[in-house]
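The values are calculated or read from the model by the stated rules, or taken from the named source; none is laboratory data. None of these values were measured; they are calculated from a predicted model. A quick note on method: Cβ atoms are made from the backbone with ideal geometry, for glycine too, and the neighbour counts reach across all protein chains shown.
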Amino acid sequence: MFVDSHCHLDRLSDKNAPLPETLAFARQRGVEHFLCVCVSVQDFDSMKEKVTPFSDVSISCGVHPLHQEDACDYDTLLAKAADESVVAVGETGLDYFYSADTKDVQLTSFIDHIKVANELQKPLIIHTRDAREDTLNLLRQYKAPTTKGVLHCFTEDLDMALAAIELGFYISISGIVTFNSAQSLREVVKAIPLDKLLIETDSPWLAPVPHRGKENQPGFVVEVAEFIAQLKGVSVSELARITTDNFYTLFHHVQSRR
Ligand SMILES: [Zn+2]
Ligand SMILES: [Zn+2]
């Protein structure tokens, strides 16, 4: 059974199917759990309400580094993330590729998220792009290793992956790994130990081959798993078992709700 460790169910359009049908399709393909990741604290309540009917969906709380127009202060973040249904803090992080101009706000927000994660003992979901040094330095400086977490939709180099693993973090791979242009990422994935790997769709974005151009959905995590299994030379069921175990180990608040 698979887990989609990172999706944005509240951002899916209804153009393919309503959410209950989209989730039913994924379950039918063997996806047993979904982590719906918050990108804006303003949207947290409506996101929570949307997925509350589904016992196999967990939620996080945080502000995406590219949504700093929705930035909130430490106390607001702490209060929202303390909600008992919240299993992780994020997505947070640093993205200098798309938005180096908001660097200062991104840094402040990232530090707040690390502190909140430590305070609540909930793992961090981190988005990082073109910000390797700052990301790793802040994780070390603010003692993120006490909560651990994941670098999601990973596209950086092996050195960064290994440094994050040393801090107790997992590396999550999305459908990008199936893209033609992702040769260097495939080499990185080959070198990441299986017991540190998670899989995700990041839907509605980044549909894997052969669904490119379509809206992504959690059911397509199966294509991501099949591709990585082949890269790593293991069976799909073995890859599913290990990445699912890794998911419940990291997101232990989900485990306790099962
Ligand atoms: Zn992201
Ligand atoms: Zn995301």
Tabulated pairs, segment 35-53, first of a type in the set (A, V, I, L, M), second away from ligand 2 (no atom under 16 Å from the Cβ) and assigned to a loop (DSSP other than H, G, I, E, B), C-beta under 9 angstrom, 6+ apart or interchain: Val41/Ala71; Val41/Cys72
Considering only residues of segment 241-258 that are closer than 23 Å to Leu12 by Cβ and in a helix (DSSP H, G or I), which is modelled with the lowest pLDDT? Val254
Would you mind telling me which numbered condition in (1) surrounded by fewer than 17 Cβ atoms within 10 Å (Cβ to Cβ); (2) touching a strand residue (DSSP E or B) at 6+ places or on another chain (Cβ under 8 Å); (3) of a type in the set (A, V, I, L, M) Val39 fails? (1)
Please go through (1) farther than 22 Å from Asn246 by Cβ; (2) assigned to a helix (DSSP H, G or I); (3) among the aliphatic types (A, V, I, L, M); (4) touching a strand residue (DSSP E or B) at 6+ places or on another chain (Cβ under 7 Å) for Ala117 and return the number of the only condition it doesn't satisfy. (1)
Sole miss for Asp73 among (1) over 19 Å from the mean Cα position of the chain (by Cα); (2) farther than 27 Å from Asn137 by Cα; (3) not aromatic (Phe, Trp, Tyr) is condition (2)
Just to be sure before I move on: is Thr147 within 12 Å of ligand 1 (Cβ to nearest atom) and hydroxyl-bearing (Ser, Thr, Tyr) in the structure I sent? no
Among the residues in segment 76-99, are any part of a helix (DSSP H, G or I), more than 16 Å from ligand 1 (Cβ to nearest atom), free of Cβ contacts under 8 Å to residues at least 12 places away in the same chain and of a type in the set (A, V, I, L, M)? yes
Qualifying positions in segment 54-75 - away from ligand 1 (no atom under 16 Å from the Cβ) and touching a Leu at 6+ places or on another chain (Cβ under 9 Å): Phe54, Asp56, Val57, Ser58
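Tell me the residue from Thr128, Thr155 that is in contact with a Gly (Cβ under 9 Å, 6 or more places away or on another chain), within 21 Å of Ser184 (Cβ to Cβ), without any contact (Cβ under 8 Å) to a residue 60 or more places away in the chain and not aliphatic (A, V, I, L, M), please.
Numbers: Thr155 fails: in contact with a Gly (Cβ under 9 Å, 6 or more places away or on another chain).
None of the others qualify; the one that does is Thr128.
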What is the residue count in segment 104-114 for residues that are free of Cβ contacts under 8 Å to residues at least 24 places away in the same chain and either surrounded by 20 or more Cβ atoms within 10 Å (Cβ to Cβ) or within 16 Å of ligand 2 (Cβ to nearest atom) (or both)? 0
For segment 172-191, pairs from a residue that is touching a residue at least 40 places away in the same chain (Cβ under 8 Å) to a residue that is of a type in the set (S, T, N, Q) and outside any loop (DSSP other than H, G, I, E, B), with Cβ under 8 Å and 6 or more apart or across chains, are Ser172/Ser5
Count of segment 115-142 residues which are under 15 Å from the mean Cα position of the chain (by Cα) and either of a type outside the set (A, V, I, L, M, F, W, C) or surrounded by fewer than 24 Cβ atoms within 10 Å (Cβ to Cβ) (or both): 5
From the list Val39, Val3, which one is outside any helix (DSSP H, G or I) and within 14 Å of ligand 1 (Cβ to nearest atom)? Val39
